[in-house]
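J.: Provided herewith is a single structure, encoded as structure tokens, for subsequent inquiry.
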Amino acid sequence: MPTLNRSDAQQRADDIGVFNRELARLETEQVLQLTEAQHASLYSHQQQLLGSYLAAFDIDHNLQTRQLSLGMRIASFLGALALAASVFFLFYQFWGLFGELSQVAILLSASFASFGLTLWVQRRDSSGYFSKLAALVAFTCFVLNIVMLGQIFSITPSDKALLPWAAYALLLAYACGARLLLAAGIICLLAFIAARVGIWNGIYWLGFGQRPENFIPAALLIFAVPLVIDQRRYDGFTLIYRVLALLALFLPVLVLAHWGEGSYFDYPSSHIENAYQLLGFVLAALVIWLGVRREWPDVVNTGLTFFVIFLYTKLFDWWWESMPKYLFFLVLGLSAVLILLMLRRLRSRHGLLAGGAR
């Protein structure tokens, strides 16, 4: 039996609902008629599946529960941010009232207590909303722990702090299925790798953003993670890896396409900018092709978004000053129509290939 995650279980539950509605239409139109025994067997099988999915993943089995779940996700996210901010300001409000030994004890106790609370809640919370909330508070306590212990013992700030932050965020993310913490861990990893690349090239670690190319190796490594390590057990994790990696790849290329001075290459800025503009179009096209081929809609959408951004910024550079504004926006509109026609052709071709494969 294939490994299921919450997204797969929810999709199966949605398919059951669609199937039942279509079956009712077919019976009303007298196209298909099931016997009482077949109806009973089908209903029993569906209820057994839905019951197992509900117990294992706390899925939304109808429209009303889906609407309530959306509200719960919003409330959980806002509550987690509020509690994390509360912990942060609580520390800073009363921090000066404690001695050094008490400060260290409070920091360590807060980290261990919040981690233990997260594990305790995670074992008892089938929905995951409360465990994700506790996990974000635990991560906040851990970050405060590292920062404030560094202040207490006068430790020079370093990029090395990003590594334990990333490790702890990823640990909590995989333990609780928290996509927000996964994103936080990936961002910490991207920053750490970029800072390391900058340090190897003689840049102070806080200045790693001055060279956008520092992020490109990190982006490629992050993109490779779900290709090497199976993420199907974790709902939405693969999407977060891919999208954040593509953002870390395309944003430096976009910046360097208009700011050649930020590159490591010792060439005239205009040459560097032109090269990165061309690279942006090529990368976006390759990403769209890869997304279509592997059936990754998130990759297709990200590649298409940046292709349009590169196209529009290039058109702006070429014609904004020299062309009447009505004509410039007409060209933008026509380019959008051209992109739509190309995508429709690609969509039709992909649909024909899929039909032929069947």
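Quick note: the coordinates plus some simple rules give every number you see, no bench work behind them. No experiment lies behind these values; they were computed from the predicted model shown. All Cβ positions, glycine included, derive from the backbone under ideal geometry; neighbour counts span all protein chains shown.
J.: By how many nm would the segment from Leu163 to Arg293 lengthen if fully extended, with 0.36 nm per residue of separation less the alpha-carbon distance?
T.: Extra length available between Leu163 and Arg293 comes to 43.4 nm.
J.: Kindly state, to the nearest 0.05, the FRET efficiency for Ala75 paired with Ile229, given R0 = 30 Å and r defined as their beta-carbon distance. Show your work: numbers first, answer last.
T.: Details: r = 32 Å, r/R0 = 1.06.
Calculated value: 0.40.
J.: Among rounded, prolate and oblate, which fits the stretch 133-258 when a ≥ b ≥ c are the square roots of the eigenvalues of its C-alpha gyration tensor, a/c under 1.5 means rounded, and a/b larger than b/c means prolate?
T.: It comes out oblate by the Cα gyration axes.
J.: Gain in length, Tyr174 to Ala105, computed as 0.36 nm per residue apart minus the alpha-carbon separation, to one decimal in nm?
T.: Length difference between fully extended and current span is 22.1 nm.
J.: Have a look at Phe142, Phe130, Phe265 and tell me which one the Gaussian network model of the chain (Cα, springs below 10 Å) gives the largest fluctuation.
T.: In the Gaussian network model the winner is Phe265.
J.: So how do Val121, Val337, Val253 line up by other beta-carbon neighbours within 10 Å, fewest first?
T.: By the 10 Å Cβ count, ascending: Val337, Val121, Val253.
J.: Which one of Glu213, Glu27, Glu295 has the biggest mean-square fluctuation once the chain is modelled by GNM with Cα springs under 10 Å?
T.: Highest fluctuation of the listed residues: Glu27.
J.: Out of Ile216, Ile146, Ile229, any idea which swings most in a Gaussian network model of the chain, alpha carbons joined below 10 Å?
T.: Ile229
J.: Follow-up question, since we're still on this one. Of (1) 67, 46, 41; (2) 78, 46, 34; (3) 78, 65, 39, which one was derived for Cα extents along the principal axes in Å from the structure shown?
T.: Checked against the structure: label (3).
J.: If you don't mind, there's one more thing I want to ask. Could you list Arg6, Arg233 in order of exposure, starting from the residue whose Cβ has the fewest other Cβ atoms within 10 Å?
T.: Arg233, Arg6
J.: Now for a separate question. Given 0.36 nm per residue, what is the gain on full extension from Leu119 to Phe329 after removing their alpha carbon distance, in nm?
T.: Separation in residues times 0.36 nm, less the Cα-Cα distance, equals 70.1 nm.
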